[in-house]
Amino acid sequence: MSDMPDARRSQSDFADQSRWNETAKPVLEDIRKRPEKYKVRKAPTDRMGITAPIATIIGDYQDRELLELGCGRGNHAVYLANQGARVTGVDIGEDLVAVSAAVAEANEVQARFEQADIRKLPFQRDSFDAAIGLAILHHLPPEGVRQAFAEAARVLRADGVAIFYEPVENSPVFDFLQNLIPPGRKGSPFYRPSLL
């Protein structure tokens, strides 16, 4: 008996995320026309300020087996592959997976991409040195987050590490706090008046 959950899925299993997949179709067409526009020149995590902390946690990327959960358009996976990692990216959107593969091809790097739900990964136990999820958990209900953590733990090697980074924009606490403190100045595009 395999330790891997049944990875076979019907299209209905992915229906709740179809809106993310739809954003990929025009990008896929554009990559085919202008691949040079999709060169990954720096880490997408730079704008989040987490490139260095991730590198510190993982260490040398060379020949490490890395899994990116919810890889989206594949830019971070391509960056990691450029650093020498052996990268597998998964996303729930079939077209997003195609975009990721096209971005890897445009950057002339080897990376593998598969359509998969992070709550039921189609990989054997002990397959990866690290699993990275950037801004994906907030798309899941609480039980889905628990399932994603359990799956990440299952596919990691004994000394493996899981790294998750989440924005706080969907946090009820942050929503409350940001409305107490008005950012910007009146008339600026970022101005939001306080509730007080």
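The values are calculated or read from the model by the stated rules, or taken from the named source; none is laboratory data. Just so you know, these numbers come straight off a predicted model, no measurement behind them. Note that we place each Cβ from the backbone using ideal geometry, even for glycine, and neighbour counts take in every protein chain shown. Side chains included, ligands, DNA and RNA excluded: accessible areas come from the protein's heavy atoms. Shrake-Rupley method; radii C 1.70, N 1.55, O 1.52, S 1.80 Å.
Accessible area per residue for the stretch 59-137, computed on protein heavy atoms with a 1.4 Å probe, is 36 Å².
Would you mind counting up the charge near residue 147? Only other residues with Cβ under 11 Å from its Cβ, with Lys and Arg at +1 and Asp and Glu at -1. If you can, show how the numbers build up before the last one.
On the way: positive: 119, 120, 146, 154; negative: 117, 143, 151.
Once positives and negatives cancel, what remains is +1.
Candidate cross-link partners of residue 37 among the lysines, defined by an alpha-carbon separation under 20 Å and a same-chain spacing of 8 or more, comprise 25. Near residue 160, once Lys and Arg are set to +1 and Asp and Glu to -1 for all other residues with Cβ below 10 Å from its Cβ, the sum equals -2.
Over the stretch 31-131, Cα pairs under 8 Å with separation of 6+ residues give a relative contact order of 30 percent.
A simple count of charges around residue 112, restricted to other residues whose Cβ falls under 11 Å of its Cβ and scoring Lys, Arg +1 and Asp, Glu -1, yields -2. Taking all protein chains together and rolling a 1.4 Å probe, residue 165 ends up with roughly 70 Å² accessible. For the pair residue 140 and residue 57, label points projected 7 Å from Cα toward Cβ lie 1.4 nm apart.
Using the Cβ-Cβ distance between residue 25 and residue 114 with R0 = 25 Å, the FRET efficiency computed as 1/(1 + (r/R0)^6) comes to roughly 0.85. Once backbone amide H atoms are built at 1.01 Å from N, residue 161 has 130, 131 as its partners under 5 Å, excluding neighbours fewer than 5 places away on the same chain. 3J(HN,Hα) along the stretch 55-60, derived from phi through the Karplus expression 6.51 cos²θ - 1.76 cosθ + 1.60 where θ = phi - 60°, amounts to 4, 5, 5, 7, x, 5 Hz, with x in place of Gly and Pro.
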